[in-house]
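**Student:** One structure, pasted below without further comment.
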Amino acid sequence: MEKKRFYVTTPIYYPSGNPHIGHAYCTTLADVLARYKRMRHYEVYFLTGTDEHGQKIEKNAKAAGLSPKEYVDNIVAVFKKLWVALDISNDDFIRTTDERHVKTVQKIFSTMYKNDDIYLGKYEGWYCTPCESFWTDTQVGPDHLCPDCHRPVEKSTEECFFFKTKKYLDSVLKWYEKPNSIYPVNRKNEMINTFIKPGLEDLCVSRTSFSWGVPLLENEKHVSYVWLDALCNYISALGYGTDHDELYQKFWASEESEIVHIIGADITRFHTIYWPEFLTSIGARLPDRVFVHGLLMMKDGKMSKSKGNVVSPYPLIDRYGVDAVRYYLVREVVFGQDGQFTPEQFVERINMDLVNNLGNLVSRTVSMIQKYRGGIIPTFKSNVNPSLDKELEDLCFTTIKSYEAKEDDLHVTEGYIDVMNLLARANKYIEETTPWALAKDESKKENLDSVLAHLARVIFVGTKLLEPVLVHKSKEIFASLGLDEKETDYNNINNEHLLDGKTVHKDGVLFPRLDENKEVEYIKGLMGNNGK
Ligand code: MSP
């Protein structure tokens, strides 16, 4: 069944430090998907937010001399500002300190408790505060290090509520059998081999050693384990369990909705083992897809404040514009693989794709239409210049098809590579058809008309497909082709006559060329500056 609704989520971020380009990466990718689906006339709901409870936040706040709520309020404001600066089109922003969320977590916990999926016991083991994760003796080894982040863990013995993880394992494994439930598929195998085959231990879902969490109604000494609290955001934001659950019915409960969680590889276990189990316990359906993206790394490994290699997105947006930063994030790191941020590649990517390829094509084409045809785009005719026209026409159609297939399958980066290839082919077509020579020969009038009409069409198609990424520049390009907003609807993508007789306009330079040495130095100067 083709689904008509699309629910896409990012992880909810820890407001334990200011956002960096890695957070921007994940949210931008989710935004591009949301915008793509809206462009294809889906009903879309796009959620992001912040994960504000837990021992780590409580400790950070104390160190800063603030209450936990004051502490998170400050950082959440920076996250929200960044999403505005990056033109993120989220429909809601959920905070785990929102009352609506707290109530839902309590309700979900009570439902699980009533279903006999949770029991009171005693936890003895190891706790990693930065990861908010419990580990066994074998997992932490003789050095007592967290297997995820390799930092020292703390011995923990306390009363806690346990969730029966074996009870719903069948439901998880059945979900794994669906071809797209987890992507890339190696993540699924990793879950099976690392966690499921060795035997899942019951999960401790409450804490008593600190109080900055959702208080549990069953026992006032306990607050919810932060991961149970956090995962519930995906449905608490939709009004699950309240009298106003219209969004939940529409975007979660309904089989007509495609549910996609975008997450980083570091949190796969929570999203592909515990979250499906929690959902099964409360009788809710499971997501269609958990898409695990890679990390954006620095030359010397993971971004971290202590290494001083954190890049803040703000100065990049200020200097290069939001569209260039969005494009870089989408294109440079293939969605699903790890990538590396280097100033050299950042500058080169913008120069190569946006300045040389897209910018050049638009500026050359508009200039030629002005110079040779008084600014009027000639009527589109098929295959006037044998083989060359036909080849470009066919490439337009196949690019649209492959782009749609790739975006629908969440192969976001690959879809945009196809679009750039189409634009590069059109630049080459200019060299091959030599419009400046055709313009000198009156008998070649039809040939020149066709070249200009084909170029204008490729620009329209390429720009339309890039619109989810280039949210501002696409509008400028449409205006320079003489199109009004209604005419740029996706339904017109295959209309070869859309541009017949339109008047082109030229306004300034779309993407100014970056001086490589100067800009690389500038970006190097930013690295390590975690400010705004
Ligand atoms: N709060 C949890 C998630 C709860 S979701 C129910 C958490 N937060 S986090 O802030 O540490 O990171 C969340 C996500 O941010 C990662 O899963 C990943 O998607 C993204 N990234 C954080 N650093 C990143 C990079 N360096 N590169 C790419 N994405 C990065 O875990």
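**Student:** Please compute the length gained on full extension between residue 304 and residue 285, using 0.36 nm multiplied by the number of residues separating them and subtracting their Cα-Cα distance.
**Tutor:** Numbers: separation 19, 0.36 × 19 = 6.84 nm, distance 3.68 nm.
The span from residue 304 to residue 285 would gain 3.2 nm if fully extended.
**Student:** For a quick check of your reading of the filter: which trypsin sites (Lys or Arg not before Pro) in the stretch 135-242 sit in a DSSP loop and have no more than 14 other Cβ atoms within 10 Å? Walk me through the intermediate numbers first.
**Tutor:** Numbers: sites: 155, 164, 166, 167, 174, 187, 188, 207, 221; in loops: 164, 166, 167, 221.
Listed in order of number, the matching sites are 166, 221.
**Student:** Considering only DSSP beta bridges whose two residues both sit in the chain, what percent are antiparallel, to the nearest 5? Write out the running numbers ahead of the final one.
**Tutor:** Numbers: 21 of 46 bridges.
Percent antiparallel among DSSP bridges in the chain is about 45.
**Student:** Let me ask something else. Compute the orientation-averaged projected area for the stretch 120-195 from the convex hull of its Cα atoms and round it to one decimal in nm².
**Tutor:** Values: hull surface 24.8 nm².
One quarter of the hull surface, i.e. the mean projection, equals 6.2 nm².
**Student:** What ratio of Cα Rg to 2.2 N^0.38 Å holds for the stretch 70-169?
**Tutor:** My calculation over the Cα atoms of the stretch 70-169 gives 1.45.
**Student:** Binning every alpha carbon pair distance of the chain at 20 Å from zero, what are the percents per bin?
**Tutor:** Spelled out bin by bin, the chain gives 20, 48, 24, 7, 0 percent.
**Student:** OK, next. Could you please report the charge total around residue 154, scoring K, R as +1 and D, E as -1 over all other residues with beta-carbon less than 15 angstrom from its beta-carbon?
**Tutor:** Within the 15 Å Cβ shell, the charges total -2.
**Student:** Set Lys and Arg Cβ to +1 and Asp and Glu Cβ to -1, take the dipole of the chain about its Cα centre, and tell me which of 105, 23, 274 lies farthest positive.
**Tutor:** 23
**Student:** Rounded to the nearest 500 deg cm²/dmol, what is the calculated helix-only ellipticity per residue at 222 nm for the chain, with -39500 (n - 2.57) per DSSP H run of length n ≥ 4?
**Tutor:** Helix contribution divided over all residues of the chain: -13000 deg cm²/dmol.
**Student:** Moving to a separate point now. Which pairs break 24 Å Cα to Cα here: 401/428; 59/164; 4/381; 475/502; 381/473?
**Tutor:** In this structure, 59/164; 4/381; 381/473 exceed 24 Å between Cα atoms.
**Student:** Let me ask something additional. Filter the cross-link list 37/250; 81/250; 37/464; 81/302 down to pairs whose alpha-carbon distance in this structure exceeds 18 Å.
**Tutor:** Working: 37/250 16 Å; 81/250 29 Å; 37/464 13 Å; 81/302 24 Å.
As for pairs spanning more than 18 Å Cα to Cα, those are 81/250; 81/302.
**Student:** Still on this model: Once the other residues with Cβ under 12 Å from the Cβ of residue 173 are scored (Lys, Arg +1; Asp, Glu -1), what is the net sum?
**Tutor:** +2
**Student:** Based on Cβ point charges of +1 for Lys and Arg and -1 for Asp and Glu, what charge dipole magnitude is obtained for the chain about its Cα centre, in debye rounded to the nearest 20?
**Tutor:** Values: 66 positive and 77 negative charges, 114 e Å.
Charge dipole of the chain: 540 debye, to the nearest 20.
**Student:** Right, another one. Using DSSP to define loop residues, name the trypsin sites (Lys or Arg not before Pro) in the stretch 397-473 whose beta-carbon has at most 12 other beta-carbon atoms within 10 Å. Can you show the working numbers first?
**Tutor:** On the way: sites: 401, 406, 425, 428, 440, 444, 445, 457, 464, 473; in loops: 440.
Here the trypsin sites (Lys or Arg not before Pro) that fit, given the DSSP loop and packing criteria, are 440.
**Student:** Another question, if that's okay. If you add up the charges near residue 510, with Lys and Arg at +1 and Asp and Glu at -1, over every other residue whose beta carbon is less than 15 angstrom from its beta carbon, what do you get?
**Tutor:** Cβ neighbours under 15 Å give a net charge of +1.
**Student:** Right, next: Test of understanding: what is the full-extension gain from residue 495 to residue 157, defined as 0.36 nm times their sequence separation minus their Cα-Cα distance?
**Tutor:** Details: separation 338, 0.36 × 338 = 121.68 nm, distance 6.75 nm.
Result: 114.9 nm gained on full extension.
**Student:** Can I ask one more? Write down, largest first, the equivalent ellipsoid semi-axes of the stretch 356-402 in whole Å, where each equals the square root of 5 times an eigenvalue of the alpha-carbon gyration tensor. Before the final figure, lay out the partial values.
**Tutor:** Details: eigenvalues 94, 51, 16 Å².
Equivalent ellipsoid semi-axes, largest first: 22, 16, 9 Å.
**Student:** Once each part is reduced to its C-alpha centroid, what is the distance from the stretch 334-395 to the stretch 53-127 in angstrom?
**Tutor:** Centre-to-centre distance over Cα atoms comes out at 46 Å.
**Student:** While we're here: Report the rotationally averaged projected area of the stretch 38-115 based on its alpha-carbon convex hull, in square nanometres. Present the calculation step by step, with values, prior to reporting the outcome.
**Tutor:** Working: hull surface 30.3 nm².
Answer in nm², one decimal: 7.6.
Every read-out reported here was derived from the displayed coordinates using simple, explicitly stated rules and does not represent laboratory data. The structure displayed is predicted, hence computed values, not measured ones. FYI the Cβ positions are ideal-geometry reconstructions off the backbone, even for glycines, and counts take in every protein chain you see.
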